[in-house]
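What follows is one structure encoded as structure tokens, with my remarks underneath.
The values are calculated or read from the model by the stated rules, or taken from the named source; none is laboratory data. Quantities reported herein were computed from a predicted structural model and do not represent experimental measurements. Cβ atoms come from the backbone with ideal geometry, glycine included; neighbour counts cover every protein chain shown.
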Amino acid sequence: MKLYDFTKSYQWFERAEKVIPNGIQGPRTPRFSAFGSVPAFYSKTLGSHVWDVDGNEYIEYLCGFGAVALGYNDPVVEKAAAAQAQKANSTSFPSPVMVELAERLVSLIPQADWVVYGKNGSDVTTWATQVAREATGRNIIIKAKHAYHGFHAWCQPSVGVPPEYQTYVLEVDYNDLKALEQAVAENPGQVAGIMLCPIRHDTFKDLEVPPRSYFEGVRQLCDREGIVLMFDDVRCGFRMHLSGSAMVVGGDPDIVCFGKSLGNGHALSVAVGKEKLRPTANKVYFSGTHFQAAVPMAAAIACLKEMEARDAVEHMNSIHALLKKGMEQRGKSAGLQLAFSGTGGLFFMTFKPDPTFEKARFFCGEMAKRGVIWHPHHNMFLGAAHTEEDVQKSLDAAEASLKLTKEKFGS
Ligand SMILES: Cc1ncc(COP(=O)(O)O)c(C=O)c1O
């Protein structure tokens, strides 16, 4: 097989660096994976496949960093989006599709008695913390260490953010109920809300699915102390369960934030919540120019219907099981120790040991040269469009890439 070359990708990257800070912002930059050994720009996407600007075709396990769960350019979703685009999109007053989507979400998600709309996950996670604070008249938000809830100042330390912005944010270890109880006990009557992701999916870490007892304990703690429990289901949402990941992990949150795959590639996020928080949701300001755009909402309705019709979550689970088994077998044959973690639509693979992710980056580059987009240290995603044939081809690429990894690094 002729190995892929990424010349045009890096020509575009050079051009980008002249006019865009960092060339490509955030984790989509090739500097965050295997610079020079992976493509930097795509020209086309369809289903589980993508094409880069050099004309190389790949099977892809990133799904737009979770932005699509049905598959890229899903024909049913795109038809619904195009039909809505003919009528109205970002307008002065909203379209009825906004109500229809809210009705669907309310009927689908047990915790949803109401729905508010944003564009990005960060919009709704930040707004949820404001609702928790206003509802309780308290200030402190507890989150898990290293958990990502978006780029906003309350949760993402960065240059340009005064440390005071995080004064009222406490961090505890994920999946450690005692640590959470202790943080609450040390701040009596001051904790407004606890925000948690349904599974731990921190970058550079194996994924961790906590036992239901963890979230049951968190729920009891929140009930006892009058704390608002918020789930950040932005990444896992609709990949673990169509009615929200709490169906799998428990916890019965008071507010749930979704984004990413809701519009299957069309920008849309929502926070949904329980009736008791409606009066506060009425009060806490939330507005953005494009928040009520109709095209992503039409896309989301079609996406949710299709996810259900195609039993997408079950499909992702079975593809995940095949991929996991195959990778583990090939790792063993190559004499390498692999850790495969995650659940269905979200998964991660690490080499043990590989403290600096050097092996992972090398492996990832070899996979890209052979037509598979893999990530060395961010969790990957599956969608309803991934097929058994995709898995087989990926495993063939992995076999060769693992052999080379072993030759280069030893065990
Ligand atoms: C769990 C989680 N919450 C919130 C966000 C922020 O979403 P967005 O990047 O759409 O603002 C992300 C994004 O990766 C996420 O994974």
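Results, tabulated for the structure shown:
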quantity	calculated
Residue among PRO21, PRO27 that alone is modelled with pLDDT under 95 and surrounded by fewer than 19 Cβ atoms within 10 Å (Cβ to Cβ)	PRO27
Residues (over 24 Å from ALA67 (Cα atoms) and of a type in the set (Ser, Thr, Tyr)) located in segment 95-149	THR136
Any helices (runs of 4 or more DSSP H) falling wholly within segment 152-255 and containing at least 3 residues that are at pLDDT 95 or above and either out of contact with any strand residue (DSSP E or B) (no Cβ under 9 Å at 6 or more places or on another chain) or more than 23 Å from GLY344 (Cβ to Cβ) (or both)	177-185, 212-225
Check on TYR117, closer than 23 Å to HIS290 by Cα, within 16 Å of the ligand (Cβ to nearest atom), crowded, with 21+ Cβ neighbours inside 10 Å and touching a residue at least 12 places away in the same chain (Cβ under 8 Å)	yes
Only one of ALA267, ALA299 that is assigned by TED's automatic domain parsing to the domain that holds SER122 and within 18 Å of GLU103 (Cα to Cα)	ALA299
Verdict on ILE194 being β-branched (Val, Ile, Thr), more than 19 Å from VAL313 (Cβ to Cβ) and within 16 Å of the ligand (Cβ to nearest atom)	yes
Residue satisfying all of: in segment 319-343; part of a helix (DSSP H, G or I) and among the polar types (S, T, N, Q); nearest to ARG235 (Cα to Cα) among these	GLN329
Long-range neighbours under 9 Å by Cβ, at least six apart or interchain, first residue assigned by TED's automatic domain parsing to the domain that holds SER333 and over 19 Å from GLU358 (Cα atoms) within segment 383-401, second assigned to a helix (DSSP H, G or I) and charged (D, E, K, R)	ALA384/GLU306; LEU395/ARG330
Residue within segment 298-309 that is within 16 Å of the ligand (Cβ to nearest atom), in contact (Cβ under 8 Å) with a residue 12 or more places away in the chain and more than 29 Å from ASP390 (Cα to Cα) present	no
Qualifying positions in segment 57-80 - surrounded by 22 or more Cβ atoms within 10 Å (Cβ to Cβ), of a type outside the set (Phe, Trp, Tyr) and more than 20 Å from the chain's Cα centre (by Cα)	ALA80
Qualifying positions in segment 120-136 - touching a strand residue (DSSP E or B) at 6+ places or on another chain (Cβ under 7 Å) and either outside any helix (DSSP H, G or I) or surrounded by fewer than 19 Cβ atoms within 10 Å (Cβ to Cβ) (or both)	ASN120
Every residue from segment 137-149 that is within 26 Å of LYS276 (Cα to Cα), assigned to a loop (DSSP other than H, G, I, E, B) and within 16 Å of the ligand (Cβ to nearest atom)	HIS149
Qualifying residue in segment 260-280 (condition: assigned to a helix (DSSP H, G or I), farther than 16 Å from VAL77 by Cβ, modelled with pLDDT of 95 or more and within 16 Å of the ligand (Cβ to nearest atom))	no
